[in-house]
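Trainee: Quick one: this structure, given as structure tokens, is what I'll be asking you about.
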Amino acid sequence: MRAEQHPSADEIAAWVAGGASDAAVDRHVRDCVRCERQAAAWSTLRSSLAAWEMRLPEPRPLAPTQVPVRADSRVRQATAVVLAQISVVRRQVWAATAVVVGIGCLLLAVSDAAAGPLFALIAPVGAACGMAMIYGRDADPAYEISQACPVSMRTVLVARLLVVTGYDLAVGFLGTVLVVTVGAAGGLWSLMLAWLGPLLLLSAISVLLSVLYRPWLGIGVALLLWSLRVAALSPARPAVVAVPVNWIWTTTPTAVLTAVTVLAAAVFAVGRQEKLA
Ligand SMILES: [Zn+2]
């Protein structure tokens, strides 16, 4: 290798790293001032990189493993979200169920025999009307605040459904106990079954419609199904009305499953709306 024919930078770097097997490069670098200087520069860079690497701290473990989210704090957070809904849900929601069930109990004083069927007829529609008002811009006074919160609207809706359904079931159960105890309305369980399925199904339909469109549509459809039920009680009813109405107004596993599916659809719709917003 002639003096003017310097090895390439790569070759010099490899020589510095000790990987050069080329004897010609070795000889040239020792003889050539320019290449020796270049090799010295590579060597300095190499040793400072090595020193720097030694000073670098060990990478920290990833945040989730460093601070594990404890299960009890999650439960506490979920409980807080659910409890917060009690004060946020409108008074009308609580009132709708209570007033309607109260009317049912008042009717008990008028007529003993009809109290059971009347109670079963009235409880679901009150709950469904209340349910239509648990969520949405029109119904929820805290809608904007809820939207700005780090908790997703889906979680908010699920928490409200839990709170309001729990309340409806509790009021319905108390009303049933009262009707069964005071009047001659038949067994507790059979009266419970008379309103439980319709209450869940009507409430679910009402929530879905209020989420997809407006609360008044949820209330309107609940009232329509209710009036069809009343019409179906009449001896002059058309058979067409009776079949779907009787299906809605009985507690069957299918009806409960349908209610749960409709509720899940409402929760899904809220999540989608949030994503689009
Ligand atoms: Zn050279």
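Trainee: Between residue 152 and residue 234, what FRET efficiency comes out of the Förster formula 1/(1 + (r/R0)^6) with R0 = 51 Å and r the beta carbon distance, rounded to 0.05? Walk me through the numbers before you get to the answer.
Mentor: Working: r = 46 Å, r/R0 = 0.90.
For residue 234 and residue 152, the calculated efficiency is 0.65.
Trainee: If you don't mind, there's one more thing I want to ask. Relative to the present Cα-Cα distance, how much length would full extension add between residue 10 and residue 174 at 0.36 nm per residue of separation? Could the numbers behind the result be given before it?
Mentor: On the way: separation 164, 0.36 × 164 = 59.04 nm, distance 8.70 nm.
Extra length available between residue 10 and residue 174 comes to 50.3 nm.
Trainee: Here's a follow-up. Extension gain residue 213-residue 31, at 0.36 nm per residue separation less the Cα-Cα distance, in nm?
Mentor: Working: separation 182, 0.36 × 182 = 65.52 nm, distance 8.65 nm.
Fully extending the segment from residue 213 to residue 31 adds 56.9 nm.
Trainee: A further question follows. Taking the Cα centre of segment 9-55 as the origin and placing charges on Cβ (Lys, Arg +1; Asp, Glu -1), which of 49, 23, 39 is farthest toward the positive end of the dipole?
Mentor: 49
Trainee: For an R0 of 25 angstrom, estimate the FRET efficiency from the Cβ-Cβ distance between residue 247 and residue 103 and round to the nearest 0.05.
Mentor: On the way: r = 26 Å, r/R0 = 1.02.
That pair, residue 247 with residue 103, gives E of 0.45.
Bear in mind that the values in this text are calculations on the coordinates, not laboratory data. For clarity, every value in this text was computed on a predicted model and none was experimentally measured. Counting neighbours? That spans all protein chains shown, and the Cβs are built from the backbone with ideal geometry, glycine included.
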